[in-house]
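The values are calculated or read from the model by the stated rules, or taken from the named source; none is laboratory data. As the structure is a prediction and not an experimental result, all values here were calculated from the model. Positions of Cβ are backbone-derived with ideal geometry, glycine not excepted, and every protein chain shown enters the neighbour counts. Keep in mind that these areas ignore ligands, DNA and RNA; they rest on the heavy atoms of the full protein, side chains included. Shrake-Rupley method; radii C 1.70, N 1.55, O 1.52, S 1.80 Å.
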Amino acid sequence: MLKKFINKSRIKSPWIVHFDCGSCNGCDIETLACLTPLYDVERFGIVNVGNPKHADVLLVTGTVNHRNKKVLQNIYDQMPDPKAVIAIGACGLSGGVFKDAYNVVGGVDKVIPVDVYVPGCPAKPEAIIDGVVEALNKFAEKAEAAG
Amino acid sequence: MEAVILALIGLVVAPLLGGLLAGIDRRVTAWMQSRQGPPIMQAFYDVAKLFGKEPMVVNRWQIFCAWTYLLASALSVALFFAQADLLLIFFVQAAGAVFMVMGALAAKSPYSQVGAQRELIQILTYEPLLILVFAGMFMATGSFNVGTIFAHPEPLIAKLPLLFIVLTYALTIKLRKSPFDFSTSHHGHQELVKGVTTEYSGPFFGLVEVAHWYETILVLGVASMFWATNVFWCALLLVGTYFAEILLDNATARMTWRWMLKYVWSIGLLMAVVNLIWLHAG
Ligand code: SF4
């Protein structure tokens, strides 16, 4: 019963850490818009904790480049399991308009495993919230499979 | 025997109440910001989730300190319910608070270090106030015993109005609410990240949260002694005080520790002393 409650709680309390990898800030503004009274993600228990050690979900916006790929990896490693990663915007998915730039590595999944991809340039807040919900379902499945 | 049963009731009921209060707190805050806010049970979900996470620590001290903090705050609540001596409760609670800081100091992260230093200053600020409140209660009722104070025939607030205000300062600091929330900021994406709790993670952060619920209930318990003669007025006093805390939290910004020390010590100590002199003279 306790296990069940914990699994249920995982879905009900996703704490988020948002990392701006190399975004043009378009996607960041949309991500932070989710916290405003209009979208109010706290309804779902979502909190922007700003601390990888407390977070369950990592939101990454923007392209990965050679300079910040280590930082991205570091943040990912600091998060205790179970965790999920969401790549946001065209840039986070593949590199977007910056794909061919000399310093760009590509999408987030070149460095760390990504669970959910949220497309858009910039991604809409609704789509981002949807992405988080999708990620939660995924790691509930993972937790169930692990027993 | 009765004391043991009361203590056990306290141990079980206090975290339930504390968690519920944390949920209601977030709901009311959301309402003030014209948002809907999380479910009332949110605090329990959060903690259950934290307990389900992988244990990850910087070093073993954190495990020890998180557990000691929890044990000390649970013990102080149990002692309160068992109607023990106020001074004993005070020292047990203070020991717990210091262990929490030690755990934060055990990690080298600058956020954790800064948070720990600030937490120490907060402890330094509110502990003398608490002692003065207890001293006032002793002068009014002639005892430090929780049971005797509760049995006092008149409401203490009539004799100790200023000391009640002094206690609310301590309450605001203990609840980590603005303008005194600088040892751990409520919103982690700011300069301090999560301050003193930054380096606690997973189940150990869960322990710290539960310990925090215990402490909240303890301070509210002390506040309830101010109107122990009538259940209705006592409830009204507590609800009113907590609502004022939330309002203050939403209406003020975080200040600096220098300001807190100056303001709380000057105004707080002055009020406490005036109240004590008045009590002594009258
Ligand atoms: S996807 Fe578009 S809006 Fe988002 S970071 Fe890239 S360029 Fe900016």
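Of all residues in region A:84-102, count the ones that are more than 15 Å from the ligand (Cβ to nearest atom) and surrounded by fewer than 20 Cβ atoms within 10 Å (Cβ to Cβ).
Selection size over region A:84-102: 1.
Looking at (1) open to solvent by 30 Å² or more (accessible area, probe 1.4 Å); (2) within 15 Å of the ligand (Cβ to nearest atom); (3) away from every other protein chain (no Cβ under 14 Å); (4) in contact with a strand residue (DSSP E or B) (Cβ under 9 Å, 6 or more places away or on another chain), which is the only condition A:Val111 fails?
If we test A:Val111 against (1) open to solvent by 30 Å² or more (accessible area, probe 1.4 Å); (2) within 15 Å of the ligand (Cβ to nearest atom); (3) away from every other protein chain (no Cβ under 14 Å); (4) in contact with a strand residue (DSSP E or B) (Cβ under 9 Å, 6 or more places away or on another chain), just (2) comes out false.
From B:Leu11, B:Leu50, B:Leu70, which residue is open to solvent by 20 Å² or more (accessible area, probe 1.4 Å), assigned to a helix (DSSP H, G or I) and modelled with pLDDT of 85 or more?
That would be B:Leu70, the only listed residue that is open to solvent by 20 Å² or more (accessible area, probe 1.4 Å), assigned to a helix (DSSP H, G or I) and modelled with pLDDT of 85 or more.
Quick one: how many residues across region B:14-47 are within 7 Å of chain A (Cβ to nearest Cβ), part of a helix (DSSP H, G or I) and hydroxyl-bearing (Ser, Thr, Tyr)?
Within region B:14-47, residues that are within 7 Å of chain A (Cβ to nearest Cβ), part of a helix (DSSP H, G or I) and hydroxyl-bearing (Ser, Thr, Tyr) number 1.
Being within 14 Å of chain B (Cβ to nearest Cβ), at positive phi and within 13 Å of the chain's Cα centre (by Cα) is true for just one of A:Gly50, A:Gly89. Which residue is that?
A:Gly50
Filter region B:246-282 for residues that are touching a Leu at 6+ places or on another chain (Cβ under 8 Å) and closer than 12 Å to B:Ile165 by Cα and give the result.
Once the filter is applied, which keeps residues that are touching a Leu at 6+ places or on another chain (Cβ under 8 Å) and closer than 12 Å to B:Ile165 by Cα, region B:246-282 yields B:Val264, B:Gly268, B:Leu269, B:Met271, B:Ala272, B:Asn275.
Being buried (at least 19 other Cβ atoms within 10 Å of the Cβ) and either away from the ligand (no atom under 16 Å from the Cβ) or within 24 Å of A:Phe139 (Cα to Cα) (or both) is the filter here; which residues of region A:14-26 pass it?
Listed by number, the residues that qualify are A:Pro14, A:Trp15, A:Ile16, A:Val17, A:His18, A:Phe19, A:Cys21.
For region B:88-125, which residues satisfy the criterion of being farther than 20 Å from B:Val58 by Cβ, of a type in the set (Val, Ile, Thr) and open to solvent by 10 Å² or more (accessible area, probe 1.4 Å)?
B:Val92, B:Ile121, B:Ile123
Test B:Glu119 against the stated conditions and say whether it is under 25 Å from B:Tyr263 (Cα atoms) and of a type in the set (Asp, Glu).
Criteria met by B:Glu119.
Can you tell me which of (1) touching a residue at least 40 places away in the same chain (Cβ under 8 Å); (2) of a type in the set (S, T, N, Q); (3) part of a helix (DSSP H, G or I) is the one B:Gln83 doesn't meet?
The number of the failed condition is (3).
Looking at A:Lys70, A:Lys8 in this structure, which one is among the basic types (Lys, Arg) and either over 17 Å from A:Ala135 (Cβ atoms) or open to solvent by less than 60 Å² (accessible area, probe 1.4 Å) (or both)?
Selected residue: A:Lys70, the only one of A:Lys70, A:Lys8 that is among the basic types (Lys, Arg) and either over 17 Å from A:Ala135 (Cβ atoms) or open to solvent by less than 60 Å² (accessible area, probe 1.4 Å) (or both).
Please report, ordered by residue number, the helices (runs of 4 or more DSSP H) entirely within region B:157-259 with at least 1 residues that are within 14 Å of chain A (Cβ to nearest Cβ) and open to solvent by 30 Å² or more (accessible area, probe 1.4 Å).
Hits in region B:157-259: B:202-224, B:231-251.
Considering only region A:27-57, state which residues are within 16 Å of the ligand (Cβ to nearest atom) and either under 24 Å from B:Arg27 (Cβ atoms) or surrounded by 18 or more Cβ atoms within 10 Å (Cβ to Cβ) (or both).
A:Cys27, A:Asp28, A:Glu30, A:Thr31, A:Leu32, A:Ala33, A:Cys34
From the list B:Ala151, B:Ala140, B:Ala135, exactly one residue is open to solvent by less than 50 Å² (accessible area, probe 1.4 Å), over 25 Å from B:Val98 (Cα atoms) and hydrophobic (A, V, I, L, M, F, W, C). Which is it?
So the residue among B:Ala151, B:Ala140, B:Ala135 that is open to solvent by less than 50 Å² (accessible area, probe 1.4 Å), over 25 Å from B:Val98 (Cα atoms) and hydrophobic (A, V, I, L, M, F, W, C) is B:Ala140.
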